[in-house]
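Here's the structure we're looking at; comments come further down.
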There are 2 protein chains.
Amino acid sequence: MRVAVVGYGTIGKRVADAVSVQDDMRLVGVFKTTPDYGATLAARKGYRLYAPDDKRESFRKASLEVSGNLTDLISEADIVVDATPDGVGAENKSIYAKAGKPAIFQGGEEADVAETSFNALANFENAVGKKFVRVVSCNTTGISRVLSALKLGGLGIKKARIFIARRGADPREYKKGPINDVVPNPATIPSHHGPDVKTVLGDIDIITAAVAVPVTIMHMHMAYIELDDAPRREKIVDVLASTPRILLFDVKAGYNSLAQIVEWARDMGRPRGDVWEVAVFSDSITLNGRELYLMYGVHQEAIVAPENVDAIRAVGKLSDKWSSIEKTDKALGIVTHGKRYG
Amino acid sequence: MRVAVVGYGTIGKRVADAVSVQDDMRLVGVFKTTPDYGATLAARKGYRLYAPDDKRESFRKASLEVSGNLTDLISEADIVVDATPDGVGAENKSIYAKAGKPAIFQGGEEADVAETSFNALANFENAVGKKFVRVVSCNTTGISRVLSALKLGGLGIKKARIFIARRGADPREYKKGPINDVVPNPATIPSHHGPDVKTVLGDIDIITAAVAVPVTIMHMHMAYIELDDAPRREKIVDVLASTPRILLFDVKAGYNSLAQIVEWARDMGRPRGDVWEVAVFSDSITLNGRELYLMYGVHQEAIVAPENVDAIRAVGKLSDKWSSIEKTDKALGIVTHGKRYG
């Protein structure tokens, strides 16, 4: 499967890297509109660069070789991963359709850009053989994994109420805020995450509220989930611990905050210190009858990278759900110890 | 009523100022252990300084006149407000008891330091004539006001689940964190706030969870409250708008975040930019059947100042609940337009 990555920002560069380490797909190249350091680093990795015709000269001046334009890139690929800024994907869709190539969009696009929204644990099957698929955004991915884990563990979810302290900006976004402020984001309830979870988990009773905080490293969720029954805490711990792409972190081992999770990822030698897993603070897992409480971190830059790889496999019918998840995880180096695959 | 303030930090200095503007009580002086700029500014306001005997010399070197030691201050007062660091109040209690003087403690002390915990809206009557009273902490005060407003408005509360993004430190605390981190605080659930609310509101079903964020200006609460019935949204807005010490802020008027609330307080000419009211983001008030959602800011430095004044009146039997609240609010300049007092 030959993959084109269009848009080489926070998500695009991670998807390109994740695709490159899989043995059943190949990165054709990346489409980029500016010859900045991102382009230079992509070229250094050996990724072929594609750019708009009117930008060729600026790439040449930056000593960057351009292999073609968007049409060239698409024609050489079997599938496109569109990781352009919010809304641009929808504009690009007609180009992909005209070329007869399937495409994966990101969560910044409206759900109706695609035939189905996607989260590997939640609804891999829905994307099999589809033409246009949308990988849901980072926070929605985090929620979808946690709720899917509970469902896969046989636990019925009566309702989910999730309260999110969003990171204000990604580390490289030097112009965004807030600093020293907490911003209702949005001030209205629900935030878009609740409805977005329904695009992959179906008609679940979920409401989310979110505030933005002066942090760049990760999102933090405080989740309140009402279950159909009152399980023992050990059951929840077991279900979360055995689900792929969810990891538990104990305070007694020194994991006191999101920064500790990031430090762990850096020490593990992860590229860019990426945390592909939902990082659950195990001490926070609390049961009050049928009410389950937990807190977990979501690494906004990294969490959707493995999901994009699985979406490619689903669209290309390269393998089934559990084989794809396992394959992606092993190739990336996601912690798989004791995880159940299917 | 002659009032002594012991401990002149974030809370103490505000209580001293709040007492000074009431016409039925008089500030005798403040007890301070270090001759720092706080002491200099207190002296400049004309507050008499009291200090430990072994610190007299250091105060003299800083050109600060000392009127006596702790025993002297207590003997000249009818009541003590203890605003010392967490735990010190409990140590001081025997001194106040020995002198036969009633005392008000702060929320940093354990509840058992006093005969009753206190929040003016929630349980003013419980403190009437008592010897030892504890004003609950800032977050607990915020929650107690909101829940009291609903109760006073005739709305039954089935359960309250409050998720708190705590400010990491006060503006002057230059050594505290976090920076660029979100810290489960505590990692276990519930945080102390839920149980603490029960000390003033009785046996209510409440659970709280909290994280600390890199903000110094205010706390933000995301509240989920299950009511006995399903009221119209207008009812909730009316109840909150007409309750003293709760204010509504609209996004359409430019109140997009906590920083806007603080800017409002500064523009209002408030001392230190203090926000004594619970600052509710009115756009966040949402009803989903019997479920009520709202977000509100709690100014950790200021919100308990009026509560301390009311606690003094309750202990001294100076006036009844609603007269005290109204008197305190008018003296401080708390926004009273359209509020119902009793």
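What's the FRET efficiency of A:GLU91 with B:VAL237 using the Cβ-Cβ distance as r and R₀ = 41 Å, to the nearest 0.05?
Efficiency for this residue pair is about 0.50.
Using alpha-carbon pairs under 8 Å, 6+ residues apart, how would you state the relative contact order of segment A:287-342 in percent?
Reported as a whole number, the value is 25 percent.
Taking only C-alpha pairs under 8 Å that are 6+ residues apart, what is the relative contact order of chain A in percent?
Worked out over chain A, it gives 17 percent.
Once you have the Kirkwood Rh of chain A from its Cα pairs, apply Stokes-Einstein at 4 °C and 1.567 mPa s and quote D in µm²/s.
It diffuses with D of about 63 µm²/s by this estimate.
Excluding same-chain residues fewer than 8 positions from B:LYS321, which aspartates and glutamates have a Cα within less than 13 Å of its Cα?
B:GLU125, B:GLU307, B:ASP310, B:ASP329
Each residue of segment A:148-153 in order: what ³J(HN,Hα) in whole Hz does its phi give by Karplus 6.51 cos²θ - 1.76 cosθ + 1.60, θ = phi - 60°, with x for Gly and Pro?
Working through the residues one at a time gives 5, 4, 4, 5, 5, x Hz.
Under a point spin-label approximation (7 Å from Cα along Cα-to-Cβ), what is the A:LYS252-B:ALA99 distance to one decimal in nm?
4.6 nm
In terms of modelled amide H atoms, which long-range or inter-chain residues lie less than 5 Å from the amide H of A:ILE164?
Excluding prolines and chain starts, which carry no amide H, the hits are A:ALA209, A:ALA210, A:VAL211, A:MET222.
When the Cα centres of segment A:124-169 and segment B:307-342 are compared, how far apart do they sit, in Å?
If we compute the Cα centre of each part, the gap is 49 Å.
When only alpha-carbon atoms count, how far does segment A:182-310 stretch along each of its three principal axes, as whole angstroms with the largest first?
Extents along the principal axes, in whole Å: 40, 35, 34.
For segment B:153-261, what is the charge dipole size about the Cα centre, in debye to the nearest 20, if Lys and Arg each add +1 at the Cβ and Asp and Glu each add -1 at the Cβ?
260 debye
Using a 1.4 Å probe on the protein heavy atoms only, what accessible surface does B:TRP322 show? Give it in Å² to the nearest 10.
Rounded to the nearest 10, that gives 60 Å².
Amide H of B:GLY29 versus every other amide H placed in the peptide plane: which residues, excluding those fewer than 5 positions away on the same chain, fall under 5 Å?
Here B:VAL5 satisfy the definition.
Amide H to amide H under 5 Å from B:LYS158: which residues, 5+ apart in sequence or cross-chain, H placed 1.01 Å off N in plane?
The answer is B:GLU226, B:LEU227, B:ASP228.
Return the subset of B:LYS13/B:LYS130; A:LYS131/A:LYS158; B:LYS61/B:LYS101; A:LYS32/A:LYS101; B:LYS13/B:LYS55; A:LYS13/A:LYS235 for which the Cα-Cα distance in this structure is over 30 Å, preserving the input order.
As for pairs spanning more than 30 Å Cα to Cα, those are A:LYS131/A:LYS158; B:LYS61/B:LYS101; A:LYS13/A:LYS235.
Please work out the C-alpha center-to-center distance from segment A:29-88 to segment B:173-211 and express it in whole Å.
48 Å
Would you work out which of A:ALA209, A:HIS219, B:ASN126 lies farthest towards the positive end of the dipole of the protein assembly as shown? Charges go on Cβ: Lys and Arg +1, Asp and Glu -1.
Farthest towards the positive pole: A:HIS219.
Could you check what % of the DSSP bridge pairs in the protein assembly as shown are antiparallel, to the nearest 5?
Just about 40 percent of them are antiparallel.
Over segment B:1-53, with every protein chain in place, what whole percent of the accessible area is carbon and sulfur at 1.4 Å, could you tell me?
Heavy-atom surface of segment B:1-53 belonging to carbon and sulfur, 1.4 Å probe: 53 percent.
Could you tally the net charge around A:ALA165, taking each other residue with its Cβ under 13 Å from the Cβ of A:ALA165, Lys/Arg +1 and Asp/Glu -1?
+2
Give me the dipole magnitude in Debye, nearest 20, for segment A:247-342 about the Cα centre, with unit charges on the beta carbon: positive for Lys and Arg, negative for Asp and Glu.
Result for segment A:247-342 is approximately 320 debye, rounded to the nearest 20.
Local charge sum around A:ALA314 (other residues, Cβ-Cβ under 11 Å, Lys/Arg +1, Asp/Glu -1)?
Cβ neighbours under 11 Å give a net charge of 0.
For B:LEU240, B:LEU27, give me the order by solvent-accessible area with a 1.4 Å probe, most accessible first, ignoring ligands, DNA and RNA.
Final ranking, largest accessible area leading: B:LEU27, B:LEU240.
I need the peptides A:111-122, B:305-316, A:290-301, A:88-99 ranked by packing, meaning the mean over residues of other C-beta atoms within 10 angstrom, with the highest value on top.
B:305-316, A:290-301, A:111-122, A:88-99
Can you give the % of DSSP beta bridges in chain B that are antiparallel, to the nearest 5?
40 percent
So for the protein assembly as shown, what are the equivalent ellipsoid semi-axes in whole Å, largest first, each being the square root of 5 times an eigenvalue of the Cα gyration tensor?
After diagonalising the Cα gyration tensor, the semi-axes are 54, 26, 22 Å.
Give me a comma-separated list of calculated 3J(HN,Hα) values for segment B:155-167, in order, Karplus coefficients 6.51, -1.76, 1.60 applied at θ = phi - 60°, integers in Hz, x for any Gly or Pro.
9, x, 9, 7, 7, 10, 10, 10, 10, 10, 9, 7, 5
At 1.4 Å probe size, put B:LYS175, B:LYS198 in order of accessible surface, largest to smallest.
Descending accessible area places them as B:LYS175, B:LYS198.
Show that you can apply the helix-only estimate: for the protein assembly as shown, add -39,500 (n - 2.57) for every DSSP H stretch of four or more residues, divide by all residues, and state [θ] at 222 nm to the nearest 500.
Counting only the DSSP helices, I get -9500 deg cm²/dmol.
Mean-square fluctuation check for chain B, GNM, Cα pairs under 10 Å: which of B:SER63, B:SER282, B:SER191 is largest?
Taking springs between Cα atoms under 10 Å, the residue moving most is B:SER63.
Can you tell me the relative contact order of segment A:219-323? Whole percent, Cα pairs under 8 Å, sequence separation 6 or more.
Computed value for segment A:219-323: 33 percent relative contact order.
What does the buried accessible surface come to for B and A, summed over both chains, with the probe at 1.4 Å? Round to 100 Å².
Rounded to the nearest hundred, the buried surface is 3400 Å².
For segment B:266-274, what does the Karplus curve 6.51 cos²θ - 1.76 cosθ + 1.60, with θ = phi - 60°, yield as ³J(HN,Hα) per residue in whole Hz, taken in order and with x for Gly and Pro?
5, 5, 6, x, 5, x, 6, x, 5
Using 1/(1 + (r/R0)^6) with R0 = 60 angstrom and r between the beta carbons of A:LYS330 and B:SER67, what's the FRET efficiency to the nearest 0.05?
With R0 = 60 Å, the Cβ-Cβ based efficiency is 0.20.
Expressed as a whole percentage, what fraction of the accessible surface of segment B:98-191 belongs to carbon and sulfur atoms when a 1.4 Å probe is rolled over the protein heavy atoms?
Carbon and sulfur: 50 percent of the exposed surface of segment B:98-191.
Segment A:169-200: which residues show an accessible-area loss of 10 Å² or more, assembly versus chain alone, 1.4 Å probe?
A:ASN180, A:ASP181, A:VAL182, A:VAL183, A:PRO184, A:ALA187, A:THR188, A:ILE189
Explain nothing, just the number: dipole magnitude of chain A about its Cα centre with +1 on each Lys and Arg Cβ and -1 on each Asp and Glu Cβ, in debye rounded to the nearest 20.
That gives a dipole near 440 debye.
The values are calculated or read from the model by the stated rules, or taken from the named source; none is laboratory data. Because the structure is a prediction, the values reported are computed rather than measured. Here the Cβ is made from the backbone with ideal geometry for all residues, glycine too, and neighbour counts use every protein chain on show. Only protein heavy atoms, including side chains, enter the accessible area calculation; ligands, DNA and RNA are left aside. Shrake-Rupley method; radii C 1.70, N 1.55, O 1.52, S 1.80 Å.
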